[in-house]
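Only the coordinates and a few stated rules stand behind these numbers; no lab work does. Bear in mind that the values here come from a model prediction, so they are computed numbers and not experimental data. Positions of Cβ are backbone-derived with ideal geometry, glycine not excepted, and every protein chain shown enters the neighbour counts.
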Amino acid sequence: MSLLATDLVGTGRFRAYGPRQLDEIADRYGLPTEVRETVRLVSLVLPFRVNEYVLSELIDWDRVPDDPMFQLVFPQRGMLSEQDERGLAALSADPGTKAGLRSLVQQIRGRLNPHPSGQKELNVPTRDGAPLPGMQHKYRETVLYFPSQGQTCHAYCTYCFRWAQFVGDADLRFAAPDPSGLIAYLGDHRDVTDVLVTGGDPMIMTTERLVNHLEPLLGVDTVRTVRIGTKSVAYWPQRFVTDPDADDLLRLFEKVTATGRNLAVMAHFSHPRELRTDMARRALARIRSTGAVVYCQAPLIARVNDDAADLAALWRAEHAAGAVPYYMFVERDTGPYDYFKVPLARAVDLFQAAYRTLPGLARTVRGPVMSATPGKVVVDGVEDTPEGRFFQLRMLQARQPAVVGRPFRAFHDPAAAWLDELRLHPDTPADIVRAVTGHDRAAEAAEDSDDTADTGPLAVAAGAR
């Protein structure tokens, strides 16, 4: 580790602000009463958490409520239906209806698809017939690991597809108490080369706790890459710079890379403003000084970064900081999905417009990518043919390795925003049809034999979410 933090100026110790501190935040920054009440109501259902760095360094309070960073971390009107908001307002105003309020909150959360893409049904591995808590195994080479102490964040993104981790419902939460189950599972599955430690955010843990989860992986010879999914470089870069155990954390990173393994910090940056602070740039430099590689990813989010100039600025800033622009995801169908979704046709236009402006070494970014039930599906572009317009699709990653890298087509739909809203072209290979829809071509054709040509014989089933 070549960069020391002794001469850096921090912004104090971490302090989280949640719904109980909303009035303090509102009074400090002059939030209108209507905005304050909206945040209060929506945060009964969706998680809300910020910190001093986000409040003072990232949000432009002169542009609230339209400021993209404010939209990113503060619940907004429109994230829930008007009917649900009215119900929450009525029940929360009466202290005698606490049970009714809890019931309504649970109902609303259940309608928000808390575990998209079959995470609970398809991704949870088993050992000796029993499900393993706090783990997912979707792709052959990669296992996701959710340490229980890392299932919160320095601040919560309002779009987060893992919002269900943060609402205090144990039935909705992935969490492993310790790595023993993971290590045993890896011993049985020697084709797993990558472990993604995720959450929540593992960087919320102290280094002492993180050691207990990472060091056992160094004893598994088949694990060659340790990934850490984190938003901390954007929301609390002090974790790597001025926190009391920041130097210990970087020494842990050095210990991992000294074994010859890859340490990949999967940094979530949603807007170029997150990379403009000196603290964030110093954090990235310190991480990279350990031999770790920083890969950057985020979804395309309406009202936050659905602008080609912002996307280009984001990827340029990542590249300038020595990080690797990696994924532009499509917003997943969970939580306040309708508020944040961007149609695929527009997502393609935005991605390509931004991509064309990048220097060659920054064109490592891939998108728009749907992380759906069958795998990661990239929309490579739009094709005009005598038959009509088509989305050009390709499987970047898949549950079924045989379909990885193979292209296929779907009929163009300007309103479609997710894989299950597309219709595959009839020439799609049968194994890709099965992977994408979960159905055989013959069965699909038989089911839809009476439909019109506009419906199409290969509409992607809802199970492909």
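With an 8 Å Cα cut-off and a minimum separation of 6 or more residues, compute the relative contact order for the stretch 119-369 in percent.
Relative contact order of the stretch 119-369: 15 percent.
Quickly rank 36-48, 249-261 as a protection proxy: mean count of other C-beta atoms within 10 Å, highest first.
36-48, 249-261
Rounded, prolate or oblate: pick one for the stretch 295-336, where a ≥ b ≥ c are the square roots of the eigenvalues of its C-alpha gyration tensor, a/c under 1.5 means rounded, and failing that, prolate if a/b is larger than b/c, else oblate.
Note, shape of the stretch 295-336 comes out oblate.
Excluding residues fewer than 8 places away in the same chain, name every one of the lysines whose C-alpha is closer than 21 Å to that of Lys120.
Within the straight-line limit of under 21 Å, Lys120 reaches these lysines: Lys138, Lys376.
Between Leu218 and Phe14, what is the spin-label point distance in nm, taking each point 7 Å from the Cα along the Cα→C-beta axis?
Going by the 7 Å Cα→Cβ label model, 2.2 nm.
Summing -39500 (n - 2.57) over the DSSP H runs of n ≥ 4 in the chain and dividing by its residue number, what mean residue ellipticity at 222 nm do you reach, to the nearest 500 deg cm²/dmol?
Computed ellipticity for the chain at 222 nm equals -8500 deg cm²/dmol.
What order do you get for 297-309, 215-227 when each peptide is scored by the mean count of other beta carbon atoms within 10 Å, highest first?
By packing density, highest mean first, the sequence is 297-309, 215-227.
For Arg77 and Arg251 in the same chain, what is the full-extension length gain: residue separation times 0.36 nm, less their Cα-Cα distance, in nm?
Roughly 58.2 nm would be gained on extension.
Restricting to Cα pairs below 8 Å that are 6+ residues apart, what does the relative contact order work out to for the chain? Please round to a whole percent.
For the chain, the relative contact order is 12 percent.
Share of Cα-Cα pairs in the chain beyond 40 Å, in percent?
Of all Cα-Cα distances in the chain, 20 percent exceed 40 Å.
Let me check against my output: what whole-number percent is the relative contact order of the stretch 16-111, with C-alpha pairs under 8 Å and at least 6 apart?
It rounds to 28 percent for the stretch 16-111.
How many nm separate the modelled label positions at Thr259 and Thr357, each set 7 Å beyond the Cα in the direction of the Cβ?
Each label point lies 7 Å from its Cα, and together they span 4.2 nm.
Taking the dipole about the Cα centre of the stretch 16-111, with the C-beta of Lys and Arg at +1 and of Asp and Glu at -1, give me whichever of Ala93, Met79, Ser56 is farthest to the positive side.
Checking the options against the dipole of the stretch 16-111, the answer is Ala93.
Taking the Cα-to-Cβ direction at Asp338 and at Asp128 and moving 7 Å from each Cα, how far apart do the two end points lie in nm?
Roughly 4.7 nm, to one decimal.
Could you pull out every Cys in the chain that lacks a partner Cys with its beta carbon under 4.7 Å away?
Lacking a cysteine Cβ partner under 4.7 Å: Cys153, Cys296.
Could you work out how much longer the chain between Arg140 and Asp27 gets when fully extended? Use 0.36 nm per residue separation minus the Cα distance between them, nm to one decimal.
So the extension gain works out to 35.6 nm.
Quick one: net charge around Ala321, please, counting Lys, Arg +1 and Asp, Glu -1 for every other residue with C-beta under 15 Å from its C-beta.
After counting each charged neighbour, the total is +4.
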